[in-house]
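Report on one structure; see the data block that follows.
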Amino acid sequence: MTVRSRVCGSVLVIVGTALVAAACASSEMMKVGSGDPVADRQRLMKNVGANWADIQAKAKANNFEAIAVNADTLALNAMHVPALFPKGSLTDKSKAKPEIWQKWDEFVKVAKNLETQSEKLRDTARAKKNDEVQAMLKDFGRNVCGACHTPFRVPPPQRS
Amino acid sequence: MSASRTLLVFLAGLVLGSAVPSGAQPRDPAARGKYIFAAAGGCGCHTEKDRVDRGLNAGGRRYDGPFGTVYATNITPDPETGIGKWTDEQVITAIRSGRRPNGERLLPVHPYPTFNGMAEEDLRTLVAYLRSVKPVKRANTPKRISVPLFESVFLPAWLAYFAARETPPPTAPVSGLARGEYLARAVGHCGECHTPRTVTMSLDNSRLFAGNPKSRGPEGSAVPNITPDRDTGLGGWTEEQIVDYMATGNKPDGDVAGGLMGEVIQGTSAGYKDLTRADLTAIARYLKSIPPVKNRIGE
């Protein structure tokens, strides 16, 4: 075997190894959450609700700038929503309605709206535009959360 | 004007001003009627979902029941397909008594026994508002009744023996618990969803607002117990939380109203969210005042 062919072979081995390593790493990165999309999305929505409750408490205390961190969390959570509703995940154990998959484009659109409106709320809070934050909060629940809950979710069981 | 006369006029204004209703209303009848429309949840039954912009009050929404299927009617002022040619009295008769101008009886999917509890002046302003919205030409879809003799025998008997009719007040209460009761029981017709239904599907007002399971709720939805029971109702909510919920859809735990309640809070051209804080407070105080009923509404 010539020197040249040995070098080429070594390069090929190194490149091939790097490619395999990258593929393994990306498949690990793509496996987000527990693997149970229903459990994961229920946990995510609880987190969204907790952040929204926190936003309202801060607004009542006139602590508008502090809302930014919660709004940012809402935006990050919103990014994951479509992926947590894969086809075939309709189940009696969740409140998701079949309309999600029947009107998928609309569902994705309202999830994206949660993301963009949350980012807007975050940026407005960071800019200390308190009056604008208050105005946004007034309709946020109904228009942003409700835009999904009304058509796509069976109302949850009552909690006292 | 002398100083003493000025003071007298000022004091008279204070006294008269205190008699202004807790939900101070605009002067224009149609504008006042829109407020009543909001208090009724925007009459969303008469507008197809996602058609508020194109078909407000134009009917078409489908309701399935043990009797068959009915479709909400066009209540826009269109003269051919709506209520444009009806007199005010005829519209009011349909709302509170369930009779069309031709004598035909409405099915109480339109809750006329409950709407009978509305005051005359509120009904008149409501009609003024209905006449002010854009007329939409949309022919009513005929109902399909699957039970023989339903309209001629069973419905009149049900209305006579099982349907409790709310009593209208001489004038609409303007403040206090009376105002809250009036808005919750009659105009808001909360009991139509939130009061348990018996096996005959009539309202069991002995357990007022105690909720319905999925099998008895509207459109197959379970409906919460909103009595002040601490374990199964709203006993753990403050008055302010109830008010906030009706004004915004926000629940104390961070959840947001959806489903049918989300629809009536949002309304169509107006909804519960458009009620004054004073009126929402009156409703919340009333809900806190009624007997608590233990009735857990679960899955």
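The values are calculated or read from the model by the stated rules, or taken from the named source; none is laboratory data. Worth saying up front: this structure is predicted, and the values here are computed from it rather than measured. Don't worry about glycine lacking a Cβ; one is built from the backbone with ideal geometry, like all the others, and counts go over all protein chains shown.
Going by the structure shown, is A:Gly16 surrounded by 14 or more Cβ atoms within 10 Å (Cβ to Cβ) and at pLDDT below 95?
So A:Gly16 does not fit the description; no.
Among the aromatic types (Phe, Trp, Tyr) and either surrounded by fewer than 20 Cβ atoms within 10 Å (Cβ to Cβ) or not in a loop (DSSP other than H, G, I, E, B) (or both) - does that describe any residue in region B:173-185?
Taking every residue of region B:173-185 in turn, at least one turns out to be among the aromatic types (Phe, Trp, Tyr) and either surrounded by fewer than 20 Cβ atoms within 10 Å (Cβ to Cβ) or not in a loop (DSSP other than H, G, I, E, B) (or both).
In region B:227-246, what residues are among the hydrophobic types (A, V, I, L, M, F, W, C) and more than 9 Å from chain A (Cβ to nearest Cβ)?
Listed by number, the residues that qualify are B:Ile242, B:Val243, B:Met246.
Out of the residues in region B:209-218 that are out of contact with any Ser or Thr (no Cβ under 7 Å at 6 or more places or on another chain) and within 11 Å of chain A (Cβ to nearest Cβ), which is surrounded by the most Cβ atoms within 10 Å (Cβ to Cβ)?
B:Gly211
Return the pair list, or none, for Cβ contacts closer than 9 Å from residues in region B:98-111 that are under 17 Å from B:Leu123 (Cα atoms) to residues that are outside any loop (DSSP other than H, G, I, E, B) and of a type in the set (D, E, K, R), at least 6 apart or on different chains.
B:Gly98/B:Arg105; B:Arg99/B:Arg105; B:Pro111/B:Glu192
A quick yes/no check of all residues on (1) touching a helix residue (DSSP H, G or I) at 6+ places or on another chain (Cβ under 9 Å); (2) surrounded by fewer than 18 Cβ atoms within 10 Å (Cβ to Cβ); (3) within 18 Å of A:Phe152 (Cα to Cα):
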site	(1), (2), (3)
A:Thr73	yes, no, no
A:Phe85	yes, no, yes
A:Leu90	yes, yes, yes
A:Trp104	yes, yes, yes
A:Phe107	yes, no, yes
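I'd like to check which helices (runs of 4 or more DSSP H) are fully inside region A:50-160 and have at least 1 residues that are away from every other protein chain (no Cβ under 13 Å).
Correct list: A:67-80, A:99-102, A:104-126, A:130-140.
Wholly within region B:186-299, which helices (runs of 4 or more DSSP H) include no fewer than the required count, namely at least 3 residues that are farther than 25 Å from B:Val174 by Cα?
B:259-266
Of everything in region A:121-153, what is within 20 Å of B:Asp253 (Cα to Cα) and surrounded by fewer than 18 Cβ atoms within 10 Å (Cβ to Cβ)? Give them in sequence order.
A:Gln134, A:Lys138, A:Asp139, A:Asn143
Only one of (1) more than 10 Å from chain A (Cβ to nearest Cβ); (2) in contact (Cβ under 8 Å) with a residue 24 or more places away in the chain fails for B:Ile297. Which number is that?
Status for B:Ile297: all satisfied but (1).
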